[in-house]
Amino acid sequence: MRGYFGIGVEGISKEANVGNLVRSSHAFGASFFFAIAPDVDIEAMRVSDTSDAFDHVPYYQYESVAAMDLPKECTLVGIEFTEESIELPSFRHPTRAAYVLGPEMGSLSPELMERCDHIVKIPMKFCINVGVAGALVMYDRQLSHGGIGGRFAQRPVRAGGPTEDLQAHKHGHRRKIKSKGSS
Ligand SMILES: C[S@@+](CC[C@H](N)C(=O)[O-])C[C@H]1O[C@@H](n2cnc3c(N)ncnc32)[C@H](O)[C@@H]1O
């Protein structure tokens, strides 16, 4: 898996959706999970989390968009169904990314959209459940950046499983760093 990613939610209000999303995040190998102004007591949920995801994925909670504090050089990607959003199949995932999804009854706030480096949508007829949307984004990232087990063999031209083994990764040549005074 190249790089890292985190998953976040803004104003989430249903425990089941938080549980679903944090579980998928854990399964896809997320490095962290965060919530901005959640409308559900996530701290209380952690006690009853049967998948133990919160024991394995670091959790951050922010009172507001302004208080959100992401790792340095981490690209913030908003997941929202708008006219202008980039379509997910055409989106190049950043190596270091935090994906943030909106509340069940609304959309990402204008303030948060303003902070996002990109806004991406899953092309479909209408909005779907926030947990499902998050899982689709993570699956799409896995296709391009590899999964927790590493890279995947190429798809064959015909229907069916891979016909060729995974090619060994080729490392680039070492660059010689010229010392001062050498020519
Ligand atoms: C259920 S949707 C919100 C409801 C929606 N605003 C509506 O009233 O039709 C909750 C969140 O899921 C995410 N979402 C759902 N479907 C999506 C899609 N097709 N593309 C991008 N994000 C989606 C977004 O983050 C959204 O804010």
List pairs: first residue in segment 76-89 and within 20 Å of residue 143 (Cα to Cα), second residue within 8 Å of the ligand (Cβ to nearest atom) and not aliphatic (A, V, I, L, M) anywhere in the structure, Cβ distance under 6 angstrom, at least six positions apart or on different chains.
87/123
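Of a type in the set (A, V, I, L, M) and near the ligand (Cβ under 9 Å from one of its atoms): which single residue out of 157, 130 fits that description? Spell out the reasoning first.
Working: 157 fails: near the ligand (Cβ under 9 Å from one of its atoms).
The unique qualifying residue is 130.
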Leading residue by the ranking (nearest to the ligand (Cβ to nearest atom)) among those in segment 133-148 that are in contact with a Gly (Cβ under 8 Å, 6 or more places away or on another chain) and outside any helix (DSSP H, G or I)
147
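Rundown of residues vs (1) hydroxyl-bearing (Ser, Thr, Tyr); (2) more than 8 Å from the ligand (Cβ to nearest atom); (3) farther than 30 Å from residue 64 by Cβ; (4) surrounded by fewer than 12 Cβ atoms within 10 Å (Cβ to Cβ), yes/no style:
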| position | (1), (2), (3), (4) |
| --- | --- |
| 90 | yes, yes, yes, yes |
| 95 | yes, yes, no, no |
| 100 | no, no, no, no |
| 104 | no, no, no, no |
| 116 | no, yes, no, no |
| 123 | no, no, yes, yes |
Within segment 72-88, the residues that are more than 9 Å from the chain's Cα centre (by Cα) and within 15 Å of the ligand (Cβ to nearest atom) are 76, 78, 79, 80, 81, 82, 83, 84, 85, 86, 87, 88
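Looking only at segment 5-60, how many residues end up being outside any helix (DSSP H, G or I) and aliphatic (A, V, I, L, M)?
Of the residues in segment 5-60, the ones outside any helix (DSSP H, G or I) are 5-14, 29-41, 48-52, 57-60.
Among the residues that remain, those that are also aliphatic (A, V, I, L, M) are: 7, 9, 12, 30, 35-37, 40, 57.
Counting residues in segment 5-60 that are outside any helix (DSSP H, G or I) and aliphatic (A, V, I, L, M) gives 9.
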Within the set of pairs 6 or more residues apart or between chains, which connect a residue that is farther than 18 Å from residue 38 by Cβ and part of a helix (DSSP H, G or I) inside segment 93-119 to a residue that is near the ligand (Cβ under 10 Å from one of its atoms) and hydrophobic (A, V, I, L, M, F, W, C) with Cβ atoms less than 8 Å apart?
113/119
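The numbers here are math on the coordinates, done by the rules we state, and not lab data. These numbers were taken from a predicted model, which means no experiment stands behind them. In this analysis, Cβ positions are derived from the backbone assuming ideal geometry, glycine residues included, and neighbour counts consider all displayed protein chains.
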